[in-house]
Amino acid sequence: MKKYLSKALLYKEWKAVYWILIPFILFSSKALEITSMLESITTYHVVFTNEEGFRTFFENSFNNGFYIIDFILVVIMSYLLINNDRKKSVSALIEYMPFTKKQSIFAKAAVGTFIILISDFIGFLVNMFMYLSNEKYLNNIIRIRYIVFCFIITLMLQLIIYLFLMCIQLVCKNGFFAMLLGISILDLPGSIENFIYIISFRNSWETQVNKLLGRLDDLCLRGYLWIYADEKNVGGKVYIQSDRVFPATIKLLIILIAVVILLIYISKKIKSGEDVMIKASPKKEMAFKIFSSVSIGVLFAKGLSRILNAELASSTYLIIINIIFIVASYFAYSRIDRIIKLSKYDRGE
């Protein structure tokens with residue numbers, strides 16, 4: 001482990017993205033929601049339930065857009081850290097001369113993980129401070145376990161996204177293409193799930209696809225911040241319980257381990273002096289091209305469908321939209337690849 005811990009390299013990577021720690025911290029806590037709740041209680045004497053306290057931490061992420069902002073910040077951080085290696089200037093090359101590619105990857109992963117961990121931990125401390133300092137108002141609304149599990153789930157979710165985007169950035173030669181492809185792949189399970197649900201719903205196939213939807217749901221990362229709870233009446237008192245929080249934590253841990261293994265695998269395929277990490281045979285590169293086209297095509301088709309409100313259209317229309325964008329993405333990929341070598345696997349091609 002010591003051979004990968006170079007203070008100079010860690011400082012170099014830290015210097016490139018340290019500023020992103022500030023917006024991460026700003027959006028890491030539930031301070032705005034808790035403050036708004038306290039104002040409603042103290043000023044307008046609004047009575048909140050335990051269910052609303054649960055929703056503050058597990059069902060409110062999409063409504064306030066914090067997830068989207070966090071996602072964008074993680075994407076930017078992964079791009080900036082990896083893009084440093086793509087600079088062809090003499091000074092940039094000299095900076096990396098004493099270090100191997102494996103050391104560089106470890107430093108980038110460590111710096112990104114440190115930024116995410118510190119920002120989420122500060123957000124956790126802010127949430128705890130606001131709860132403990134206003135416990136007389138929030139005691140029956142918020143539970144400490146809500147704050148703890150929200151911290152754990154958010155931390156693992158951000159680490160999964162960051163490390164996975166690192167993998168995509170390392171495999172692709174062009175940073176912007178890697179960003180687009182990474183976002184497309186992360187959104188792919190949700191897009192497929194939504195598409196299958198619409199098709200099966202209109203054709204009364206719900207029972208046949210429930211298992212498939214369940215498997216896809218496990219891979220929809222943003223869904224882990226949208227966890228529902230049920231009310232339970234015990235002795236005249238209403239309690240909130242959710243059997244989904246702990247399983248969600250275990251599933252995220254498994255996904256995180258898988259992503260770490262993938263990153264290690266890619267780092268072992270490194271050859272010094274290359275822009276990208278893996279050399280692929282023509283067949284594998286063709287498979288990569290097709291998969292990239294499908295992922296990007298489905299993402300654009302989903303975006304256009306929402307803009308045009310095409311979800312209300314016929315199933316055939318939705319299928320045609322997806323096919324058109326997948327084919328268009330494939331040919332666009334091929335043309336662009338010939339011009340700027342977006343995903344070629346060695347410098348000499």
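What follows draws every value from the coordinates through simple rules; no lab data is involved. Please read all numbers here as calculations on a predicted model, not as lab measurements. Positions of Cβ are backbone-derived with ideal geometry, glycine not excepted, and every protein chain shown enters the neighbour counts.
With K and R counted +1 and D and E -1, the other residues having a Cβ less than 15 Å from that of Met128 yield a net charge of 0.
3J(HN,Hα) couplings calculated from phi for region 133-150 with the Karplus curve 6.51 cos²θ - 1.76 cosθ + 1.60 (θ = phi - 60°) are, in sequence order, 6, 10, 4, 5, 8, 9, 4, 8, 10, 10, 10, 4, 5, 5, 5, 5, 5, 4 Hz; Gly and Pro show x. Using θ = phi - 60° in the Karplus curve 6.51 cos²θ - 1.76 cosθ + 1.60, the 3J(HN,Hα) couplings for region 102-108 round to 5, 4, 5, 5, 4, 5, 5 Hz; x is entered for Gly and Pro. Computed from label points 7 Å out along Cα-Cβ, the spacing between Ile41 and Phe121 is 2.8 nm.
Across region 317-333, computed HN-Hα scalar couplings (Karplus, 6.51 cos²θ - 1.76 cosθ + 1.60, θ = phi - 60°) run 5, 5, 4, 4, 4, 5, 4, 4, 6, 5, 5, 4, 5, 5, 6, 5, 4 Hz from first to last residue, x flagging Gly and Pro.
At a Förster distance of 45 Å, what's the computed FRET efficiency of Ile319 paired with Thr49, Cβ-Cβ distance as r, to 0.05? Spell out each step's value before the answer.
Working: r = 44 Å, r/R0 = 0.97.
For Ile319 and Thr49, the calculated efficiency is 0.55.
Ranked by the mean number of other Cβ atoms within 10 Å of their residues, highest first, the peptides 287-293, 252-258 come out as 287-293, 252-258.
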